[in-house]
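Worksheet for the structure shown next.
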Amino acid sequence: MVDWNMTELKHILKAEQFTDIKELDRLFGLADELRAADEKGQVPQSLAGKIVATLFFEPSTRTRLSFEAAALKLGAQVISTENAREALSANKGETLQDTIKIVNGYADIIVLRHYEKGGAEIAAEVSEIPVINAGDGAGEHPTQALGDVYTLQKELGRVAGLKIALVGDLLYGRTVHSLLPILGLYKDVTVYLVSPPQLRFPKEYTKTRIVLKEFDNVEEILPEVDVLYVTRIQKERFASEQEYQNLKGSYVINGENLKKLKKEAIVMHPLPRVDEISSEIDSDPRAAYFRQAQNGLYLRMALLSEILK
Ligand code: ASP
């Protein structure tokens with residue numbers, strides 16, 4: 001069972017809610033079915049009459065647009081604010097709680113991106129409709145992680161036994177915070193944490209049975225891994241531009257690196273990339289990041305239809 005967390009409502013707040021591989025497989029199966037239906041132009045309109053509210057207090061391309069496309073394809077309607085920090089009454093001093101209570105009267109589900117870690121949980125406490133955490137500051141991004149694991153299944157046919165390197169900003173990168181607990185459900189996964197010493201993976205997200213190994217350098221692990229999961233240095237989380245500049249460009253994956261990677265390995269990235277993956281590798285079949293983004297759409301369709309059914 002998925003522990004939909006604390007209430008009878010199906011909130012998605014943290015990756016640790018997902019505790020059962022069978023439940024994930026069912027979700028991935030549903031995503032596959034919805035993809036096949038979409039390819040035939042025959043997506044069931046199971047969300048007709050529903051309203052999905054997307055409230056984004058931080059920038060987003062894929063998460064917001066894929067949630068909205070997912071909702072529209074399933075027949076729902078969407079109300080959206082992409083610049084909520086400036087555009088909503090939050091800018092006039094309204095609390096997040098009040099905003100959520102108001103949107104409760106307008107929509108059937110809230111997809112929330114907030115700049116504060118824990119923002120989604122604060123919202124869920126006062127919400128009588130489901131809240132989906134679409135990124136809470138440097139906290140978590142559980143639906144990205146579900147899409148990422150779905151991608152591993154699709155690309156490599158399995159998750160168990162994989163050797164996965166998480167590379168880059170592991171301190172502030174919320175997608176990896178959500179990914180690790182889900183990877184921990186599978187047997188014999190090895191995770192290499194590759195980051196500058198200043199950007200190590202926070203201990204609070206390492207409650208996992210996976211034995212973790214930390215590295216500064218990506219070179220030495222390249223030949224071993226099945227998955228190179230690269231992340232952006234999260235510029236917006238740094239106290240000063242200088243601090244960011246010092247770490248920017250810590251890792252740049254290019255054609256030379258790819259030569260050392262196994263033939264059947266894949267390169268993933270939650271996107272957006274800045275300079276950490278050179279575009280020269282985009283045409284390499286191992287570059288899976290655009291397929292990964294597409295998978296996120298179908299996974300989110302599956303989640304919405306599951307939660308609102
Ligand atoms: N799009 C992802 C996120 O919102 C990754 C990133 O921004 O670097 O967390």
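The values are calculated or read from the model by the stated rules, or taken from the named source; none is laboratory data. All of these numbers come straight from a predicted model, not from anything done at the bench. As a convention, Cβ positions derive from the backbone with ideal geometry for all residues, glycine included, and neighbour counts pool all protein chains shown.
Descriptive notes on the structure:
- Of the residues making up the range 277-306, those that are in a helix (DSSP H, G or I), closer than 25 Å to Phe67 by Cα and not hydroxyl-bearing (Ser, Thr, Tyr) number 15.
- The range 66-89, residues that are modelled with pLDDT under 95, assigned to a helix (DSSP H, G or I) and surrounded by fewer than 18 Cβ atoms within 10 Å (Cβ to Cβ): Arg85, Glu86, Ala87, Ser89
- Test result for Gly135, part of a loop (DSSP other than H, G, I, E, B) and within 11 Å of the ligand (Cβ to nearest atom): no
- Single condition Val103 does not satisfy, out of (1) closer than 21 Å to Gly147 by Cα; (2) more than 16 Å from the ligand (Cβ to nearest atom): (1)
Per-residue answers, yes or no, for (1) away from the ligand (no atom under 16 Å from the Cβ); (2) surrounded by fewer than 19 Cβ atoms within 10 Å (Cβ to Cβ); (3) in a loop (DSSP other than H, G, I, E, B):
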site	(1), (2), (3)
Val191	yes, no, no
Phe201	no, no, yes
Lys207	yes, yes, yes
Glu214	yes, yes, no
Glu243	yes, yes, no
Lys262	yes, yes, yes
Asp275	no, yes, yes
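- The one condition from (1) in a helix (DSSP H, G or I); (2) under 14 Å from Leu228 (Cα atoms); (3) among the β-branched types (Val, Ile, Thr) that Ile182 does not meet is (2).
- Restricting the first member to the range 215-232 and to residues that are within 14 Å of Ile253 (Cβ to Cβ), and the second to residues that are among the aromatic types (Phe, Trp, Tyr) and surrounded by 14 or more Cβ atoms within 10 Å (Cβ to Cβ), the beta-carbon pairs closer than 8 Å and six or more apart or on different chains are Val218/Tyr251; Ile221/Tyr192; Ile221/Phe215; Val225/Tyr192; Val230/Tyr251.
- The selection criterion, being away from the ligand (no atom under 16 Å from the Cβ) and under 13 Å from Thr231 (Cβ atoms), holds for Ile164.
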